Amino acid sequence: MMRGLVLSYRRGRRTSRTNQVIIEVPGVKNRKEASRLIGKKVVWITPGGRKLRGVITAPHGNKGKVRARFTRGVPGQMIGEKVEIL
């Protein structure tokens with residue numbers, strides 16, 4: 001099990017995709033290493049105790065960040081929080 005840090009929603013200049021987030025994983029420094037994480041599950045436990053589950057879908061950029069997709073939009077409280085990568 002690994003841990004990651006949620007950096008932001010995936011977004012454009014005027015839009016936010018609230019069901020997709022960008023995650024930084026410690027120890028992953030380039031796109032090739034990030035590509036190995038595709039398909040792994042992501043779990044975040046809300047302050048109320050619910051588990052929100054997502055899947056890593058793609059690397060994001062060349063510095064080892066990854067994108068994760070959730071079935072529904074995730075709350076803004078998730079940004080800056082740690083997630084578990086299974």
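The values are calculated or read from the model by the stated rules, or taken from the named source; none is laboratory data. Just so it is clear, the structure is predicted and the values come from calculations on it, not from any experiment. Reconstructed Cβ throughout: ideal geometry from the backbone, glycine too, with neighbour counts over all protein chains shown.
Points worth noting:
- Test: residue in the range 75-84 that is of a type outside the set (Phe, Trp, Tyr), modelled with pLDDT under 95 and in contact with a Lys or Arg (Cβ under 7 Å, 6 or more places away or on another chain): no
- The residues of the range 47-86 that are part of a loop (DSSP other than H, G, I, E, B) and of a type in the set (D, E, K, R), listed by number, are ARG50, LYS63, ARG72, GLU81.
- In the range 31-66, the residues that are within 15 Å of VAL83 (Cα to Cα), in contact with a Ser or Thr (Cβ under 9 Å, 6 or more places away or on another chain) and among the β-branched types (Val, Ile, Thr): VAL66
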